[in-house]
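Student: Would you mind keeping the following structure in view while I ask a few things?
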Amino acid sequence: MNLSFHIVVCAGIVPDPLQTLEPVIGDSGPALKNEMLLPAVLDPWAAHALYEAAHLARGHAGSKVWLVSLSPRAKLQQVMMTVAQKAPFELVALDGPAGGFTDSAEVAGALAAAIEAIPGLDRSRLLLFGGWESAARGAGTTLAMVGERLGIFDQFQGVDELRVEPDGSLRILERVEGGRHQISRCAGPPAVLGWATGSLAEPPNQPQLGMQNMRTILPALQRAQSVALPAAELRFVRVALPSQQRQTRIVRDVAAEEVAREIVDWIRG
Amino acid sequence: MTRPGSRAARPALRTLPGDDVRQIMWRYAERYDLQMLVQAARSVARGLVARLVAEGARHTHEWTEAKARMLEAFDEAGLTAVYIDPAYGGYIEGPKNLALALVAFELAWVDAGAATASLATALALAPIHERGTEEQKQRYMSLAVPAPGRPPWRGAFCLTEPIPYVGVETGLLSGKARVAEWPEDGEPILEVTKRGRFITNMGFANFVTAAVDSGDERIQGSCMVILEESDPGIFDRGTPARKLVHQLSSTADPVFALRVPASRIVGGYTVRDGVLVPNYDHAEIIEAVFRRTRVTVGLMTAAKLLSAVEPLIRYHRERFRGGEAVAPGTPRYELGLQQREDVLHRLVDIWATGEAAASLGFAAARLFDELDPLERQKDAILASRGVRGGLAAFKALRNSQKDALELIALEAAPEDRRNQARLEELSSDPLVRFLMLDAVANVLCPAAKLWNTGHGANMMREAVSLMGGYGITEDCPGFLGYKWMDAQLEATYEGPEAVQRRQLSVTMTNEIFLAQFRAWITEMRRIASRRPGTGACALASAMSLWLWTLEHLEKARDADGVKLFQGSRHGVVFPLADALAWLVAVRAQILDLVELAEKGPQNPAVAEGLEGLLAFFTDLAHAHVVRAASEVGRICATLVFGYNRHPAWDDPSAPACYREEELASIEGLIPGIAAYATESEALRADGSHPAKAGPCVRFEGLEDFTRLRAKLDGCLTGGQLAKDRAARALTQVMIPAALDYPA
């Protein structure tokens, strides 16, 4: 039985979450203040998907990972200087706007078209990975639409674990309410998995691996097709940051259990 | 067009400069290997290293398990193998000076002890890399590369000894090598004894490269020798040094008494008339090593200064928030202490120093990357001519020196009036290129070490003071208090400031360097004509003044007739070296600004905010040039005038003294002359003189100096306006919501 996979990870880039993120209305609609100038990172949800994809591929000989990204090319190139060190993959780059103010249907269309054009991609072995949400937009709609456009109807969201059974079927844990998981079984690929955090730690940077990856990443960046997202049908009624409350307290010499208890008490109010 | 100094609205500095900006300025935008290395080093620095510092790992002198985790993180992130050539298991092709400089910069952004720990094995390997035999390179380089299932060997470089031996004076070695056995037709066995002091990595080093002198008439001179922890004898790691700085690195005072084969002499040896003659003495080796590694030390302090900018802005802005009377939207809430000009101006000084220090350090690192292959070519060419050794090589290069001077003149000449064929011929001569780069490297390296760490440490004190009482607590964001202390070590180790000044006092008079320095003056004027707000013109004036002063001092004598410019006269040559360091630092700052202006528009991510960033960097450079020019002017004036005796009223040779009635009678002959006379110089009828020390000093023979000095003073015009604008930009720039490493 062939237990190898072709795993395509859809991943956008977002401003580093530690930056000051201030919505502004510009000439072309809403945006974040100075967004092009802010350091970017791979969307954290999608990054988990990439690490899980690399882990899965490593455990199943013959598997291969592609990372498909629709982002401003110059920014994507910077992000690749870190991401390329984390896991082996082949990049498919689309040069276009990223962020929370694009039309997810248009983004999904562009991503689906790019995936369909990947040479040598075996759709029967395809696992489409991505984040079930995004740090730029919490709607969680893009990946599902990419799957639909590719004709993949076994879709799972909020995935924390994927296990490949000996018969080739997939055992998937999806997050449900109350910190519990729903266990699903799927006969096998193709399938869409929108990852939550998974269970893998972020791999350390390995410049050696990154330099290997860059042999294919740089040409991919150079031939990145420009994608316009006119968003003619899109209208933003209101743009605001989610309300947040930051309470920072520096403590020393306090046991982790004590800290955890205090946080639980705080959440319970 | 906006005139320099204009009050017209200028584009604002929108964000702090990011990686894409720095890659252009520090010239590694095309080096993806280095960009990745930076990210790898940063993740260790702002992750594990920052957590170690925050958890208090610096509070012990011992080498601990927590600190050891840092080495594993270096291994995993590829930092341990940076120094190693691919032939021995490394992964970065070509010279590694810029690569090591970037690693040092990133780690020192959080903690320079981590940077020292990361680089110490490279320092131990450097003698082998620079002068080792092929067998030595193969063994130790390969062992130092992390490999699956085998921890890498780590090394220590052991030169410094307990007082009164080698330290500031690198020639006085008490460590000795003696012949313990010399089997017939076999390899001699050496007995090596050495006590080390302040030796980095000693807590865990597997091998040591130690400098020792001959303690045996069968060994000629000094050498460096490789010691392994399993060698027979005493390999005592010693007690940890009770240092107050760089505590994340292991430093101890080891004792060695080991037997090693003579093949461990770095670079090998020959036997002449029954005497073992090392191919390189220890001085030759450490010269080759330190001239590279000192640059990275200079960059550690540069990183600290630039790392202080964000926490300082955040602290100043948020200083009054939370107070009942301070409502959001009010200037006190939004700007906090940034309402005060002093806070802003001092931060401008800190940022400008950091910029110049980084620019100078990275320029020096790049220069060594260029120089390294040329040096090997030069060695090969000389070896093919049968030339080896310092003096013989110096003589052999004499003809090339003339060629180098010719090439410098050709390069400075207008393109349509120079012999292009000759220029190309000389440009392609590796000996000529070597001499030109070597002359500059011999200035930039000590200048980067001296200025970055010495002046940088002073500016770190400023940074700490700008945090108020918070600055000297462990909780200070950005660990600024630790960084201030650490900067003092950086000014000391690998050759303290006096050593750098001594080196500069020699290398700054090299005629090949000076010829290039003259070309730099022209270069700065040309930049100024294109970018008048940068201060490049003022810098050119300051450079001219420095050059005039040097040439004057080389010929001048003091009031007692003693020659002024001599190596032992530190009061003369050291300040002049300091002034030169200021000049090369701000020149590097301007060159990086020009690079950004020219290349920035090609990168869309940089181009968007480029106008505001360039306006700010231009003002920053201008304000800093004014500071540098003021220093240079002060130093030059002090030296030019300070060694002359002040005229006295009773000095018969004092030409200034005349009586009031004499002046009146001459006025009768030449009406109006009294208006040109200095009344305060005239003696009164009763022989008394005005209430001052003596007649004012005349400037005979120094007219050129006073002209240049007056011109330079005029060149300071607009510098404070630039500083005001840079200060305003600090109130507008958007900073991240939080620091990206814990405090």
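Student: Summarise the accessible area of the protein assembly as shown (1.4 Å probe, protein heavy atoms) by the percent that is carbon and sulfur.
Tutor: The C+S portion of the solvent-accessible surface of the protein assembly as shown is 52 percent.
Student: Mind listing P(r) for chain B? All alpha-carbon pairs, 10 Å bins, whole percents.
Tutor: Calculated P(r), rounded to whole percents: 3, 13, 21, 23, 18, 12, 6, 3, 1, 0, 0.
Student: Ignoring chymotrypsin sites (Phe, Trp or Tyr not before Pro) that are buried or in helix or strand per DSSP, and keeping those with at most 16 other beta carbon atoms within 10 Å, what is the longest stretch of chain A between them?
Tutor: Between the exposed loop sites, the longest stretch runs A:1-152.
Student: Heavy-atom accessible area per residue, the protein assembly as shown, 1.4 Å probe: how many Å²?
Tutor: Roughly 43 Å² per residue, with all protein chains present.
Student: Then there's this: Quick one: helix B:398-412 against the long Cα principal axis of chain B, what's the angle to the nearest 10°, folded into 0 to 90?
Tutor: Orientation of helix B:398-412: about 50 degrees from the principal axis.
Student: OK, next. Kindly give Rg over Rh for the stretch B:19-150, based on alpha-carbon atoms, with the Kirkwood expression for the hydrodynamic radius. If you can, show how the numbers build up before the last one.
Tutor: Numbers: Rg = 15.1 Å, Rh = 15.4 Å.
Over the Cα atoms of the stretch B:19-150, Rg/Rh equals 0.98.
Student: Give me the one-decimal nm value for the distance between modelled label points at B:GLU341 and A:GLU148, 7 Å along each residue's Cα-to-Cβ direction.
Tutor: 6.3 nm
Student: With just the Cα atoms defining each centre, how far is the stretch A:205-242 from the stretch B:349-378? Give it in Å.
Tutor: 34 Å
Student: If I take R0 = 56 Å and measure r between the Cβ atoms of B:ARG376 and A:THR141 in this structure, what FRET efficiency does the formula 1/(1 + (r/R0)^6) give, to the nearest 0.05?
Tutor: Given R0 = 56 Å and the Cβ-Cβ separation, E is 0.40.
Student: Can you give the local net charge around B:ALA615? Use residues other than it whose beta-carbon is closer than 10 angstrom to its beta-carbon, Lys and Arg +1, Asp and Glu -1.
Tutor: 0
Student: Here's a follow-up. On average, how many beta carbons from a partner chain sit within 10 Å of the beta carbon of a residue in A:69-76?
Tutor: 2
Student: Here is a further query. Expressed as a whole percent, how much of the Cα-Cα distance distribution for the stretch B:286-504 exceeds 29 Å?
Tutor: For the stretch B:286-504, the share of Cα pairs beyond 29 Å comes to 46 percent.
Student: On to the next question. What's the whole-number percent of alpha carbon pairs in the stretch B:442-481 lying beyond 17 angstrom?
Tutor: 41 percent
Student: A follow-up question, please. At a 1.4 Å probe, which residues in the stretch B:16-49 are at least 50 Å² less accessible with all protein chains present than in their chain isolated?
Tutor: Listed by number, the residues meeting the 50 Å² cut-off are B:TYR32, B:MET36, B:GLN39.
Student: So who's got an amide H within less than 5 Å of the one on B:ALA205, skipping anything under 5 residues away but keeping other chains? H placed 1.01 Å off N, in plane.
Tutor: HN-HN under 5 Å from B:ALA205: empty list.
Student: When ranked by the protection proxy of mean other Cβ atoms within 10 Å per residue, highest first, what sequence do the peptides B:295-301, B:243-249 form?
Tutor: On the way: B:295-301: 31.4, B:243-249: 21.7.
With the highest mean Cβ count within 10 Å placed first, the list reads B:295-301, B:243-249.
Student: For B:HIS646 and B:ASN458, what is the calculated FRET efficiency with R₀ set at 41 Å and r taken between the beta-carbons, to the nearest 0.05?
Tutor: Approximately 0.85, to the nearest 0.05.
Student: Follow-up. How far is helix B:570-599 tilted off the main Cα axis of chain B, in degrees rounded to 10, range 0 to 90?
Tutor: Taking the Cα atoms of chain B, the angle to B:570-599 is about 90 degrees.
Student: Calculate, for A:ALA187 and B:ASN419, the FRET efficiency according to 1/(1 + (r/R0)^6) with r their C-beta to C-beta distance and R0 60 Å; round to the nearest 0.05.
Tutor: Once rounded, the FRET efficiency stands at 0.15.
Student: Which of the residues in the stretch B:76-108 show a loss of at least 50 Å² in accessible area from their chain by itself to the complete set of protein chains, at a probe of 1.4 Å?
Tutor: Residues meeting the cut-off: B:GLU76, B:TYR91.
Student: Given C-alpha coordinates of the protein assembly as shown, what is the ratio Rg to Rh with the Kirkwood estimate of Rh?
Tutor: Radius of gyration over Kirkwood radius for the protein assembly as shown works out to 1.02.
Student: Quickly work out the A:ILE267-to-B:ALA637 label distance, labels modelled 7 Å from Cα along the C-beta direction, and quote it in nm with one decimal.
Tutor: The modelled label-to-label distance comes out at 6.8 nm.
Student: Report P(r) for the stretch A:126-190: all Cα-Cα distances, bin width 5 Å, range 0 to the bin holding the largest distance, values in whole percent.
Tutor: P(r) for the stretch A:126-190, in whole percents per bin: 4, 16, 24, 25, 20, 9, 2, 0.
Student: Determine one quarter of the surface area of the Cα convex hull of the stretch A:6-153, which equals its mean projected area, and express it in nm² to one decimal.
Tutor: If you wrap the Cα atoms of the stretch A:6-153 in a convex hull and average its projections, you get 8.6 nm².
Student: Further question: At a probe size of 1.4 Å, how large is the accessible area of B:CYS476, to the nearest 10 Å²?
Tutor: For B:CYS476, the solvent-accessible surface is approximately 0 Å².
Student: Shifting gears a bit: Of A:LYS75/B:LYS723; A:LYS75/B:LYS599; A:LYS33/B:LYS723; B:LYS449/B:LYS563; A:LYS64/A:LYS86; B:LYS137/B:LYS243, which sit over 21 Å apart, Cα to Cα?
Tutor: A:LYS75/B:LYS723; A:LYS33/B:LYS723; B:LYS449/B:LYS563; B:LYS137/B:LYS243
Student: Determine Rg/Rh for the stretch B:156-285; Rg is computed over alpha-carbon atoms and Rh is the Kirkwood hydrodynamic estimate from the same atoms.
Tutor: For the stretch B:156-285, the value is 0.99.
Student: Could you name the lysines whose alpha carbon sits less than 26 Å from that of B:LYS402, not counting residues in the same chain fewer than 8 places away?
Tutor: B:LYS378, B:LYS555
Student: While we're looking at this one, here's another question. Treat chain A as a sphere of radius equal to its Kirkwood radius over Cα pairs and apply Stokes-Einstein at 10 °C in a medium of 1.306 mPa s; give the translational diffusion coefficient in µm²/s, rounded to a whole number.
Tutor: Details: Rh = 19.8 Å.
So the translational diffusion coefficient is about 80 µm²/s.
Student: Right, another one. What are the residues whose amide H is under 5 Å from the amide H of A:GLY130, where those residues sit 5 or more places off or on another chain and H is modelled from the backbone?
Tutor: Residues meeting the amide H criterion: A:CYS10, A:LEU193, A:TRP195.
Student: Now for a different question. Take B:ASP20, B:ASP650 and sort them by solvent-accessible surface of the protein heavy atoms, 1.4 Å probe, largest at the top. Mind showing how you got there, number by number?
Tutor: Values: B:ASP20 15, B:ASP650 130 Å².
Result of the area sort, largest leading: B:ASP650, B:ASP20.
Student: Just which residues of the stretch B:594-621 lose 30 Å² or more accessible area with every protein chain there, against their chain alone, with the probe set to 1.4 Å?
Tutor: B:ALA605, B:GLU608
Student: Could I ask something else about it? Two decimals is fine: what is log10 I(q)/I(0) at q = 0.09, 0.10, 0.21 Å⁻¹ for the stretch A:123-269, from a Debye sum with one equal scatterer on every Cα and no solvent?
Tutor: Here the Debye-derived log intensity ratios amount to -0.51, -0.63, -1.32.
Student: Over chain B, what is the mean sequence separation of C-alpha contacts under 8 Å (at least six apart), divided by residue count, expressed as relative contact order in percent?
Tutor: After rounding, I find 15 percent.
Student: Partner chain Cβ atoms within 10 Å, averaged over the residues of B:632-639 - can you pull that number for me?
Tutor: Per residue, the average neighbour count from other chains is 0.
Student: Within the stretch B:555-573, list the residues whose amide N lies under 18 Å from a label point set 7 Å along Cα→Cβ of B:GLU700.
Tutor: B:556-561
Student: Something else about it: Which angle from 0 to 90°, rounded to the nearest 10, does the C-alpha axis of helix B:719-732 make with the longest principal axis of chain B?
Tutor: Compared with the principal axis, the helix lies near 60 degrees.
Student: For A:LYS64, B:LYS483, B:LYS395, what's the largest-to-smallest order of accessible area, 1.4 Å probe?
Tutor: B:LYS395, A:LYS64, B:LYS483
Student: For the full complex of protein chains and a 1.4 angstrom probe, list A:LEU70, B:LEU489 by accessible area with the highest value first.
Tutor: The ordering from most to least exposed comes out as B:LEU489, A:LEU70.
Student: With all distinct Cα pairs included, what does the Kirkwood hydrodynamic radius of the stretch B:306-347 come out to in Å, to one decimal, could you say? Working shown, then result.
Tutor: On the way: mean 1/r = 0.0953 Å⁻¹.
Hydrodynamic radius (Kirkwood, Cα pairs) of the stretch B:306-347 is 10.5 Å.
The values are calculated or read from the model by the stated rules, or taken from the named source; none is laboratory data. Since this is a predicted model, take the numbers as computed values, not measurements. We place every Cβ from the backbone using ideal geometry, glycine too, and count neighbours over all the protein chains shown. Surface accessibility is based on the protein's heavy atoms, side chains included, excluding ligands, DNA and RNA. Shrake-Rupley method; radii C 1.70, N 1.55, O 1.52, S 1.80 Å.
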